[in-house]
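Trainee: The structure is given below, and queries will be raised subsequently.
Here, each number is a calculation from the coordinates, and none is a lab measurement. As the structure is a computational prediction, the values presented were derived from the model and not from experiment. When we count neighbours, we look across all protein chains shown, and the Cβ atoms used for this are built from the backbone with ideal geometry, even at glycine.
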Amino acid sequence: MGWSAGFSLLAAFLFAAAAALQYRAARRAAGGGIDAAAAQGLLRRLVRDPVWLTGWGVNLCGFFAQATALHFGSTAVVQPLLVTQLVFTIVLGAAGTGRRPARTDLLGAVAVSAGLAVLFTVPGAIPPSGEPSRPRLLLAGLVAAPLVAALSRAAWLRRGPVRAALLGVCAGLCFAASAVLIKLTTASLVDRGVAATAADWPGYALAGSTLLGLVIEQRAFAAGSLPAAMTAMTMTNPIASYLVAVLAFETMPPRTAAAFTALSASAVLLTAGVSLLSRSAAAARR
């Protein structure tokens, strides 16, 4: 699990750097806010922005680091560790401004670290790696797709933090799906080769979920409330990935009282930490 954890933390750092650049570009392109009509041209404006393109390149490096981590470990291990992205966001913000992190930053970092420590140290809290069940994965996709569509539609009927949160949930679901598909695709490349992988569906589904997640993420950033967007997106991703790891892979879910207690405590600590850190990140970027 050491290699998986190491590459997961590297991916989190790269995603934090990319998010900082892309958020700045998305807010500038949106002019402080967007409606449904203006959102249609948002991505076209962003692909001409050097700052956004730099963020995209850094994000691509993070994607490869995440793929490597998923090759060595399960989504239930990798995706929770990506929550440290917000801790790295605070570190990068402090380094860029020369200011010391605020007390809330430190509290958020401690809460995230404590949540991960509980999750990874209590036996049985993280399910062991297992072989994927493709029928279950397809079923999960059939459930997630209309949910993303419904939440995306509902987002445009709301404003401000509610819109940002709904879009953040949608982006988190897309990125959770991408994590599972990355694992399937990399395993296929290693075991079956390029030709067999190119003839199979997971690689194409991966491209679709990643692109859709990218578009929704930019709209969530542009909606104007980074705390709501980042909290929803950052927490939806590991929760959905954990559920998929339990339900769609041939593995055993947590069964002991200690494991369930650890999961509950970890979820509370991580949510509290992410909420504190995302608020601080918003203040630093504005």
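Trainee: Taking the chain as a Gaussian network, where each spring joins two C-alpha atoms under 10 Å apart, which residue of Arg159, Arg45, Arg100 fluctuates the most?
Mentor: Arg100
Trainee: Rank the residues Met230, Met235 as a footprinting-exposure proxy: fewest other Cβ atoms within 10 Å of their Cβ go first.
Mentor: Ranking Met230, Met235 by Cβ neighbours within 10 Å, fewest first, gives Met235, Met230.
Trainee: Less than 13 Å Cβ to Cβ from Asp105, Lys/Arg counted +1 and Asp/Glu -1: what total charge do the surrounding residues give?
Mentor: Details: positive: Arg99, Arg100, Arg103, Arg279; negative: none.
Charge balance near Asp105 sits at +4.
Trainee: If each of Ala150 and Arg48 carries a label point 7 Å out from its Cα toward its Cβ, how far apart are those two points in nm?
Mentor: Reported label-point gap for Ala150 and Arg48 is 3.9 nm.
Trainee: Right, something else. Just rank Cys61, Cys174, fewest to most, by other beta-carbon atoms within 10 angstrom.
Mentor: Values: Cys61 16, Cys174 27.
Taking fewest neighbouring Cβ atoms as first place, the list is Cys61, Cys174.
Trainee: Take the Cβ-Cβ distance between Ala187 and Val110 as r, set R0 to 35 Å, and report the resulting FRET efficiency rounded to the nearest 0.05.
Mentor: Numbers: r = 36 Å, r/R0 = 1.03.
Computed FRET efficiency for Ala187 and Val110: 0.45.
Trainee: Taking the Cα centre of region 2-285 as origin, work out the dipole magnitude from +1 charges on Lys and Arg Cβ and -1 charges on Asp and Glu Cβ, in debye rounded to 20. Display every interim value, and only then the final one.
Mentor: On the way: 21 positive and 8 negative charges, 194 e Å.
Rounded to the nearest 20 debye, it is 940 debye.
Trainee: Answer with one residue from Tyr23, Gly124, Gly160: the one whose Cα lies farthest towards the positive end of the charge dipole of the chain, charges on Cβ with Lys, Arg +1 and Asp, Glu -1.
Mentor: Of the listed residues, the answer is Gly160.
Trainee: Please list the non-local residues whose amide H lies under 5 Å from the amide H of Phe249, H modeled 1.01 Å from N, same-chain partners needing a gap of 5 or more.
Mentor: Ser133
Trainee: Also: Rounded to the nearest 500, what is the chain's calculated 222 nm mean residue ellipticity when only DSSP H runs of at least 4 contribute -39500 (n - 2.57) each, over all residues?
Mentor: Numbers: 13 runs with 232 residues, N = 286.
Value at 222 nm, helices only: -27500 deg cm²/dmol.
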